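Here's the structure, in structure tokens; my notes come after.
The values are calculated or read from the model by the stated rules, or taken from the named source; none is laboratory data. Just so we're clear, the structure is a prediction, and the values are computed from it rather than from any experiment. Cβ placement follows ideal geometry from the backbone for every residue including glycine, while neighbour counts extend to all protein chains displayed.
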Amino acid sequence: MARFSYAPIFPLKKETVKYRKIADGAVRPWKAGGRTFLRVDPAALTLLAEAAFTDAAFYFRTRHLENLASILDDPGASENDRFVARALLENAAIAAEGELPTCQDTGTATIVAHKGEAVLTGADDARRLARGVFNAYARHNLRYSQVAPDGMLDEENTGTNLPPQIDISADPGSEYRFLFVAKGGGSSNKTSLYQENKSLLGSEKRLAGFLDEKIRAIGVAACPPYRLAIVIGGTSPEMTLKTVKLASAGYLDDLATEPTGRGQAYRDLEWEEKILAMARANGLGAQFTGKYFALEARVIRAPRHAGSLPVGLGVSCSADRNIKGKITRNGVFLEQLDKNPGRFLAALKNTGIAPGVRIDLDRPIDEVIAELAKYPVGTRLSLDGTLVVARDIAHARLKEMLDAGRPMPAYFREHPVYYAGPAKTPRGLASGSFGPTTAQRMDGYIADFMKAGASRVTLAKGNRGQAVIEACRAFNGFYLGTIGGAAALMAKKHIIESEVLDFEDLGMEAVRRIRVKDMPAFIIYDNKGNNLYAALCR
Ligand code: SF4
């Protein structure tokens with residue numbers, strides 16, 4: 001008979017993260033039954049969660065910033081890669097002032113915790129952590145993105161960004177360890193699971209071909225450059241996807257890097273290099289073609305059932321909001337993020353990037369279209385003038401109006417439409433963080449709206465479906481892309497006025513009129529059927 005031997009599936013080595021202490025006195029040893037326990041004041045859980053989601057909204061890890069800055073020095077980067085990297089670094093510097101979060105989608109709060117069996121809080125830990133989430137979103141200019149069902153078809157924004165997703169598991173020992181992730185919807189939507197089988201592992205070529213296709217399919221709608229995470233295997237599909245999330249957050253960086261033969265997962269560094277090279281060769285680049293689709297890659301090989309081969313893919317987007325915390329006998333600690341991205345700004349001068357073609361959005365829409373038609377897809381633009389802002393629920397309401405035989409509002413026919421929804425507005429600014437949302441979600445409306453003379457020029461982020469390319473050709477329209485993940489920069493430098501125009505009850509999804517100045521954009525789809533990403537997003 002085989003001998004029992006236990007080995008944790010995810011053997012983590014000693015971590016190298018730098019922490020800062022955020023509370024003293026919240027912990028004390030407590031002896032009972034011949035053992036020493038760690039008693040934790042439950043208020044520390046609230047304090048830690050609030051500090052984590054606050055820091056994650058405004059600051060990045062140093063490594064992320066350095067990776068972005070390295071794009072500017074790489075002669076192999078495209079001009080568009082450098083343009084995006086420059087914008088994201090400027091965005092980071094503005095966000096670090098603590099008023100405008102790095103992205104307008106401040107995410108779903110996720111907390112993954114491992115509680116040592118000798119840690120005692122005497123409280124409902126999830127409730128205390130949720131209070132910290134509530135405080136962070138209420139006290140800062142973040143966005144409430146969570147909607148609760150009122151029935152199968154009806155929903156309402158919870159107005160607090162609650163509920164968070166909280167998973168607490170038990171571990172040996174007397175430490176309490178945390179990962180806090182503020183995951184945006186666009187980024188989350190790019191997580192995918194493929195239920196494969198042993199034949200996928202038939203050869204390196206077969207596996208590489210499969211992954212190349214799936215990586216391209218992620219596209220650019222989740223605001224690259226990404227940290228790509230790929231998991232091959234898993235004892236269940238659920239475990240595979242959770243591992244994708246943890247790997248994309250950098251939480252498994254200290255995993256063993258060699259197989260142990262004991263049913264443990266490991267990081268495959270050789271495949272990480274292959275995947276990074278693959279991602280950089282696909283041409284999609286940092287949003288507008290080029291080399292920097294990914295900054296980093298993580299590849300985890302995990303054990304599996306002989307009859308199943310779950311494969312998971314996911315990304316951490318340009319809003320790379322992942323932060324670790326811990327409570328030990330020495331106090332309460334939070335991962336130290338980088339509060340000085342301003343030091344990278346000097347390198348942003350003299351990048352030699354030419355200004356975009358100026359487009360006056362206040363001219364009649366037919367004239368705006370005639371002007372855009374002079375330039376090929378991929379042309380960089382600088383937008384001045386009025387945009388109408390609308391996203392998911394506003395589109396659904398406008399479609400109901402159209403279906404009921406009512407005309408489209410004039411504002412929707414007369415102005416280009418920006419798909420977006422802002423975070424809260426700081427005092428003294430025209431707008432809160434206000435980057436684009438994923439255009440694809442509005443694809444189902446575009447043909448009907450264009451036919452009704454509306455939405456002929458749209459502006460958002462990411463590649464869209466074939467129906468949009470065809471609608472642009474059929475109805476003389478354009479789809480423009482602007483930089484995703486640079487929402488603080490948009491609010492501070494490019495949005496000069498913002499007012500609610502319609503559907504005020506929709507909160508962050510209300511229809512707005514905004515005025516922009518020097519707003520960067522690119523022609524993605526033109527009125528002749530051309531597509532910037534043709535042949536790249538296969
Ligand atoms: S950077 Fe892009 S994908 Fe990430 S949260 Fe912001 S809008 Fe969503």
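Observations, loosely collected:
- Any hit, region 400-419, residues being within 18 Å of the chain's Cα centre (by Cα) and either in a helix (DSSP H, G or I) or at pLDDT below 95 (or both): no
- Filtered residue count, region 233-261, keeping only those that are closer than 11 Å to Leu313 by Cα and of a type in the set (A, V, I, L, M, F, W, C): 3
- Sole exception among (1) assigned by TED's automatic domain parsing to the domain that holds Thr54; (2) in contact (Cβ under 8 Å) with a residue 12 or more places away in the chain for Leu387, by number: (1)
- Number of the condition not met by Leu381 [criteria: (1) of a type in the set (A, V, I, L, M); (2) in a loop (DSSP other than H, G, I, E, B); (3) under 30 Å from Glu99 (Cβ atoms)]: (2)
- Test result for Ala394, touching a Phe, Trp or Tyr at 6+ places or on another chain (Cβ under 8 Å), within 16 Å of the ligand (Cβ to nearest atom) and either under 24 Å from Ile359 (Cβ atoms) or not assigned by TED's automatic domain parsing to the domain that holds Ala217 (or both): no
- Within region 426-444, the set of residues being more than 15 Å from the ligand (Cβ to nearest atom) and more than 13 Å from Gly462 (Cα to Cα) comprises Pro426, Arg427, Gly428, Leu429, Ala430, Ser431, Gly444.
- Which listed residue is more than 16 Å from the ligand (Cβ to nearest atom), assigned to a loop (DSSP other than H, G, I, E, B), over 18 Å from Ala471 (Cβ atoms) and not acidic (Asp, Glu), from Ala354, Ala423: Ala354
- Qualifying residue in region 450-466 (condition: part of a helix (DSSP H, G or I), closer than 30 Å to Tyr137 by Cβ, within 16 Å of the ligand (Cβ to nearest atom) and in contact (Cβ under 8 Å) with a residue 40 or more places away in the chain): no
- Taken over region 221-262, the criterion of being part of a loop (DSSP other than H, G, I, E, B), within 16 Å of the ligand (Cβ to nearest atom) and out of contact with any Cys (no Cβ under 8 Å at 6 or more places or on another chain) is satisfied by Ala221, Pro225, Ala249, Gly250.
- Restricting the first member to region 6-17 and to residues that are hydrophobic (A, V, I, L, M, F, W, C), and the second to residues that are surrounded by 12 or more Cβ atoms within 10 Å (Cβ to Cβ) and in a loop (DSSP other than H, G, I, E, B), the beta-carbon pairs closer than 6 Å and six or more apart or on different chains are Ala7/Arg262; Ala7/Gln264; Ile9/Gln264; Ile9/Ala265; Phe10/Ala265; Leu12/Asp254.
- Just one residue in the set Leu142, Leu88 is under 18 Å from the mean Cα position of the chain (by Cα), within 16 Å of the ligand (Cβ to nearest atom) and over 16 Å from Lys424 (Cα atoms); that residue is Leu88.
- Restricting region 150-209 to residues that are within 16 Å of the ligand (Cβ to nearest atom) and in a strand (DSSP E or B), the residue that is farthest from Cys223 (Cα to Cα) is Gln165.
- Number of residues in region 380-419 that are in contact with a Lys or Arg (Cβ under 8 Å, 6 or more places away or on another chain) and over 19 Å from Gly477 (Cβ atoms): the value is 3.
- Restricting region 311-331 to residues that are within 16 Å of the ligand (Cβ to nearest atom) and aliphatic (A, V, I, L, M), the residue that is nearest to Arg61 (Cα to Cα): Ile323
Conditions (1) surrounded by 23 or more Cβ atoms within 10 Å (Cβ to Cβ); (2) more than 26 Å from Phe293 (Cβ to Cβ), marked per residue:
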position: His395; (1), (2): no, yes
position: Pro407; (1), (2): no, yes
position: Arg427; (1), (2): no, yes
position: Phe434; (1), (2): yes, no
position: Gln440; (1), (2): no, no
position: Ile483; (1), (2): yes, no
position: Ala488; (1), (2): yes, no
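- Strands (runs of 3 or more DSSP E) completely within region 469-538 that count 3 or more residues being touching a Leu at 6+ places or on another chain (Cβ under 6 Å): 511-525
- Every residue from region 18-56 that is in a strand (DSSP E or B) and in contact with a Lys or Arg (Cβ under 8 Å, 6 or more places away or on another chain): Tyr19, Val27, Arg28, Pro29, Trp30, Phe37, Leu38, Arg39
- Applying a threshold of 7 Å to beta carbon distances and a minimum spacing of six or more residues, or different chains, the list of pairs starting in region 175-201 at a residue that is over 30 Å from Ala26 (Cβ atoms) and of a type in the set (D, E, K, R) and ending at one that is within 16 Å of the ligand (Cβ to nearest atom) and in a strand (DSSP E or B) reads Lys190/Gly314; Lys190/Val315.
- Selected residue [more than 16 Å from the ligand (Cβ to nearest atom), assigned by TED's automatic domain parsing to the domain that holds Ser145, touching a residue at least 40 places away in the same chain (Cβ under 8 Å) and more than 24 Å from the chain's Cα centre (by Cα)] from Gly34, Gly76, Gly98: Gly76
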